[in-house]
Amino acid sequence: MTTDIESELARVREHLLNWLLDYALPIWWEVGADRTVGGFHEAIDLAGKPVLGERRARVQARQIFTYAVAGELGWSGPWREAVRHGLDFYIGRYRRPDGLFVNALLRDGTPSPAAPHVYEQAFAMLAMATADPVALAPTALSVLERLHAERRGPAGGYTGFADDRLFQTDPHMHLLEAALAWEKLSSDARWSALADEVAELCLTRFLTRGGLLLENFDASWKPAAGLQGRLVWPGHLFEWAGLLERWALHRGREDARKVARRLYRYGADHGVDPKRGVVIFELLDDLTLNDPKARLWSQTEWLKAALILARSASGGERQRYLADAIAAGRALMLYCDTPIRGLWRDKLLGDGSWVDEPAPASSFYHIIDALRVLAVWPADPMRDEAAESLSPATLRRETQRKTGKPSA
């Protein structure tokens, strides 16, 4: 028997998937792809025009990921063309002779002179796993080999951050994400080893004694000096919770699953503003507010983590996770309510006003990754049980069957 919560979750799913398939994917291909130079633009302004300028590698990789996942979801648009368009530009223009990827192309098309960041390499590996793992496995492994050879940190983990004074947990989170994606596709043990290395580093070095995850450390993985060492991002608490849960289920690690649930509770109990109904950007290590603005990506990670943790929960706990998923989905809808459908707002300020700025392409990866989890709920798109993706028509029929109402 379908519960009220499950019916409401189905309605949220239908709304968001309609928005994704009918509006977001088309406009970010039709306007967001650069047919002259290649690749994808960094942003589209709220009048529907592309924003020209420097192009970060992470944005190219994320848009490749987005259109590959669009294919998984059965989008009827030219997702294969979009993936190939992105890959040709990305591999051709961003890959260095040493196998790593540059951080950005400057406005004149020349590569950024900065040393490659580990964050960019993580997204390179994730994009290749999602877009064309058979053809690109050697390229992805060459990135991993280079990281092993040149970027080992003195106390574990990897070096190469935008701020070289700080060792950051965020890029390691995305290394774990890429490793788990490749582990599902490849028998090469190096991917599982990378996933294990990063997960164990998180469990042993990234957490306070109370189990709260920090953002910034020194080279010995002690919290960074001053304010930087006290920062906690609720969106990352949710993101780590989902990744650790997936890793722990494969490894039979109940201790790590407990950490995942605790991180989620910190985020849900202290990182969601009850007045605005959104995940705020930044706390301090005593769980006091540091920055009240609310970024779009944090809402997607709340939605995704709630669904991932709900799979293995039961009874009242499961219902609470699903209620959170509904709240997160509604929060995401706020950001997607724009005059031109398919775009989004990125920053909601503490007073409830929006920052007036273009829609950043970088958000699309977060949105579609959360919606692919929502689309196949309660299955896991990262596991074999969800290998056969539902088409848009099937998703809409299934929603109508569960709710008893026609699609919006």
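Applying the Karplus relation 6.51 cos²θ - 1.76 cosθ + 1.60 with θ = phi - 60° to the range 376-381 yields 3J(HN,Hα) values of 9, 3, x, 6, 10, x Hz, where x marks Gly and Pro.
Shape of the chain from its Cα gyration tensor (a ≥ b ≥ c, root eigenvalues): rounded if a/c is under 1.5, otherwise prolate when a/b > b/c, or oblate? Mind showing how you got there, number by number?
Numbers: a/c = 1.32, a/b = 1.08, b/c = 1.22.
Note, shape of the chain comes out rounded.
Of the peptides 99-105, 165-171, 364-370, the order by per-residue mean of other Cβ atoms within 10 Å, starting with the highest, comes out as 364-370, 99-105, 165-171. What separates the Cα centres of the range 256-299 and the range 49-115 is a distance of 30 Å.
Between His270 and Arg80, the modelled label-to-label distance comes to 5.0 nm, taking each label 7 Å out from Cα in the direction of the beta carbon. Dipole magnitude for the chain: about 460 debye, using +1 per Lys or Arg Cβ and -1 per Asp or Glu Cβ, origin at the Cα centre. Helical runs assigned H by DSSP (4 residues or longer) give the chain a calculated mean residue ellipticity at 222 nm of -17000 deg cm²/dmol, each run adding -39500 (n - 2.57) before division by the residue total. Take each peptide in 91-97, 250-256, count the other Cβ atoms within 10 Å of every residue, and average; sorted highest first, the result is 91-97, 250-256.
Please list 283-291, 373-381, 232-240 highest first by mean number of surrounding beta-carbon atoms within 10 Å per residue.
Working: 283-291: 14.6, 373-381: 20.6, 232-240: 26.2.
Ranking the peptides 283-291, 373-381, 232-240 by packing returns 232-240, 373-381, 283-291.
Taken as Cα centroids, the range 207-223 and the range 9-44 sit 37 Å apart, rounded to the nearest whole angstrom. Entry note, the chain: relative contact order of 20 percent, from Cα contacts under 8 Å with a spacing of 6+ residues. Within the chain, the whole DSSP H helices whose Cα atoms reach 15 Å or more along their own axis and whose mean Kyte-Doolittle score is at least -0.5 are 57-72, 118-131, 133-150, 169-185, 189-201, 234-251, 296-311, 315-336, 363-375. Charged neighbours of Ile368, selected by a Cβ distance under 12 Å, balance to +1 (K, R count +1; D, E count -1).
Let a ≥ b ≥ c be the square roots of the eigenvalues of the Cα gyration tensor of the range 2-70; is it rounded (a/c under 1.5), or, if not, prolate (a/b larger than b/c) or oblate?
Numbers: a/c = 3.14, a/b = 2.39, b/c = 1.32.
Cα axes put the range 2-70 in the prolate bin.
Under the shape rule built on the C-alpha gyration tensor, where the axes satisfy a ≥ b ≥ c, the range 99-205 is oblate, since a/c reaches at least 1.5 while a/b does not exceed b/c.
For Asn290, the residues whose modelled amide H falls within less than 5 Å of its own, excluding neighbours fewer than 5 places apart on the same chain, are Glu282, Leu283, Leu284.
The numbers here are math on the coordinates, done by the rules we state, and not lab data. These numbers were taken from a predicted model, which means no experiment stands behind them. As a convention, Cβ positions derive from the backbone with ideal geometry for all residues, glycine included, and neighbour counts pool all protein chains shown.
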